[in-house]
Amino acid sequence: MQIRQISVTDLFGIFDHVIPLNMDERITIIHGPNGFGKTAMLKMLNGFFNSRYSVFRTIPFTKFRVDLDNGNSVEISKNSEALEKGKKRENISFDFYQLGLEKVSFPLKATKSSPDLDFPVDILDDIIPELHRIGAKTWRYLPTGETLALSDVIDRFEDILSSKMKLREEPEWLEKLKNDIHVRLIESQRLLNFIPSRSARIYSGSPSMLPTVSAYSEEIAQLIQSKLAEYGTTSQSLDRTFPVRVVQQQASHEVTDEPQLSHQLKELEETRSRLIEVGLLDKDENSDFQIQPEFIDESTKNILSVYVEDVEKKLGVFSEIANKIDLLRRIVNNKFAYSYKEMNFNKEKGFVFKTLYHPSFSNRDTLSPTDLSSGEQHELVLLYELLFKVQPNSLVLIDEPELSLHVGWQAQFLKDLQEITKLADLDVLMATHSPDIIQDRWDLTVEMKGPEK
């Protein structure tokens, strides 16, 4: 199931927008002047599918609609209800339309009107690292210095809390819809992450933050280590049963012929060399798979046939991550070459950068991820998220991919994105102001216009 179109009525009380998604090429680009609601549209779409419903309270609109490729649709509507003493209450409702069936509705009630929340309030400042508890039911929000009551915290951070705990009962149709369609938003502010653990927090009145490139460097190191552990487990299992399978192979008389064996051994050597090059295997693990044909007799064919199958299974553990690392490394190094930098990977540090300056101009040849420029960090974080943080068949929302990027990098971005969407099996909806991002692909764009005058 995929999203076919999104639309909004009375956005900010002014705009009506309709955005059909490009289902064939899987990339849709929305553009328009500042203030027309490009970011708001992305946030509302992300808010619905990731239970970040507070966005519907903060953004003014009347209706927001999502049409699916199976003919079903969801409409989020908001209207004001007059209360006594001149006060107003905004009512938000989710309406689900299925072909041939009656509409079903789910009213979105404010969480602060529910006194019995299904979690202990004393863990709020652990879940929200920039929140510091100062009373029984009061917190200080460190970035702004505000003092917030429990109801204020629930309303403001519902997007964070909803992924950690149950704030309300949702109908089965809504849960199924969110399980079937995966949406991820890559926001324009993507260079800093809050550290979630209490032990890492600085209790000095400032929130503890970690550069995203550092967080992702640690993450890819852990991912490589987990694949190495899986490789070790697979190897042990196959090695333990190797003699038995050799005998079974010999008894079955199904032995691969010599030309095919030679070809398979050559391919294994190339695969292993590639894995070493991208940092997934150590150099000292390299082996020479080149065996001269005259040394392959009938007795060795049987052993080599089983051996080749085993090594293919062992190295196959790295297949997906190797393809992603290889593409990330190629794109990054193609762009970072302009500033004389090169990127590699290893299991201890994750990202490894070195300068390519002549030694006489630099007193070191290695760099940490935080030594990269703002533009380089933006590029690396965006590419990493697309390749490693999004599950296949998701819709990725990208807000302002051009931020801090050189014009030449912007011109290459769409071609890089097409490679990534194919490898990672993604659809993309992005908002941009940059004609350099679009290049000559205006057929992928949807212009957001103002009301006719």
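Computed values, structure above
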read-out	value
Karplus-derived HN-Hα couplings along the range 52-65 (A = 6.51, B = -1.76, C = 1.60, θ = phi - 60°), whole Hz, x at Gly and Pro	9, 6, 4, 4, 6, 7, 8, 9, x, 6, 9, 9, 10, 10
Charge sum, other residues only, whose C-beta stays under 9 Å from MET343's C-beta, Lys/Arg counted +1 and Asp/Glu -1	+2
28 Å Cα-Cα threshold exceeded, pairs from LYS176/LYS349; LYS335/LYS422; LYS109/LYS389; LYS103/LYS449; LYS178/LYS422	LYS176/LYS349; LYS109/LYS389; LYS103/LYS449
Length gained when the stretch LYS178-THR241 is fully extended (0.36 nm per residue, less Cα-Cα span)	18.3 nm
Anisotropy class of the range 296-418 from Cα gyration tensor, a/c 1.5 cut	oblate
Estimated translational D of the range 392-436 in µm²/s (Stokes, Kirkwood radius over Cα pairs; 37 °C; 0.692 mPa s)	296
For the range 21-71 and the range 386-453, distance of Cα centres in Å	15
Rough spin-label spacing in nm, given labels placed 7 Å along Cα→Cβ, for ASP440 and GLN225	4.9
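Bear in mind these aren't lab numbers, they're just calculated from the coordinates by the rules spelled out. Given the structure is predicted, the values throughout are model-derived calculations rather than measurements. Cβ coordinates were reconstructed from backbone atoms using ideal geometry, including for glycine residues, and neighbour counts include every protein chain displayed.
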